[in-house]
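The values are calculated or read from the model by the stated rules, or taken from the named source; none is laboratory data. Since we're looking at a predicted model, the values are computed, not measured. All Cβ positions, glycine included, derive from the backbone under ideal geometry; neighbour counts span all protein chains shown. The accessibility values were calculated without ligands, DNA or RNA, using every heavy atom of the protein model including side chains. Shrake-Rupley method; radii C 1.70, N 1.55, O 1.52, S 1.80 Å.
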Amino acid sequence: ISICANNKYYMFGGRGAGPTGRCNALAALDLDTLLWEEVKSKSGSAPLPRSKHPLTRYRDKLYVYGGEAAFAGEFCTGNSRSSREIFNQMYVFNIKSYSWKALSTSGVPPEKAVPCARRGHTTDLYAMGLKNRGPILLVFGGSGPEPVKSRDVLLNDLWAFELDINKWRKLKVK
């Protein structure tokens, strides 16, 4: 949930704050002065409060993908767990224009598949992209909702999000 850019250390969201125990604030630590500031958006809406999501930088943009909302109800009772929303939307914050944008995404043909909602996953940026087609954000694993028992299913999949065209591509892991 943190990344460095322009001599600032950025953090977005997380647990332990706000009325639901999650927040959606973007904060920056100035590495010269060691002072924190909340980064206010000039346009667009920030993602909903969340935790267990990565923040990835490419050039002047910070990407937020996935994560989980606060639990609804009791955390755990007997053989069931409380429900929570797990996200699969991609957001981008432009650190020059101070603007948030929810990206409209889709999968590449012919399958047009997109990854399932997830939390606790990892992301990394690969600037050269697939076959030098442009930068990609790699998304691996995490956990997602198991629809029958409201328990998590562990994910072992790898996806590429092509930043220039906002398209998902499932990669085969050998």
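Sort out which residues of segment 20-37 are open to solvent by less than 80 Å² (accessible area, probe 1.4 Å) and of a type in the set (D, E), and write them in order of number.
Of everything in segment 20-37, just one residue is open to solvent by less than 80 Å² (accessible area, probe 1.4 Å) and of a type in the set (D, E), namely D30.
Need pairs with beta-carbon distance below 8 Å; first residue at negative phi and within segment 52-70, second assigned to a loop (DSSP other than H, G, I, E, B) and β-branched (V, I, T); sequence gap 6+ or separate chains.
H53/I1; P54/I1; L55/I1; D60/I95; K61/I95; L62/I95; A69/T20; A70/T20
When you scan segment 1-32, how many residues do you find that are of a type in the set (S, T, N, Q) and either modelled with pLDDT of 95 or more or in a strand (DSSP E or B) (or both)? Talk me through it step by step, then tell me what you get.
The initial filter retains those residues of segment 1-32 that are of a type in the set (S, T, N, Q), namely 2, 6-7, 20, 24.
Within this subset, residues satisfying the condition of being either modelled with pLDDT of 95 or more or in a strand (DSSP E or B) (or both) are 2, 24.
Total meeting the criteria: 2.
Considering only residues that are at pLDDT 95 or above and of a type in the set (F, W, Y), which ones fall in segment 84-134?
If the condition is that a residue be at pLDDT 95 or above and of a type in the set (F, W, Y), then Y91, F93, Y98, W100 are the ones that fit.
Considering segment 47-67 alone, what residues qualify as being buried (at least 20 other Cβ atoms within 10 Å of the Cβ), part of a loop (DSSP other than H, G, I, E, B) and of a type outside the set (D, E, K, R)?
Within segment 47-67, P47, P49, H53, P54, G66, G67 meet the criteria.
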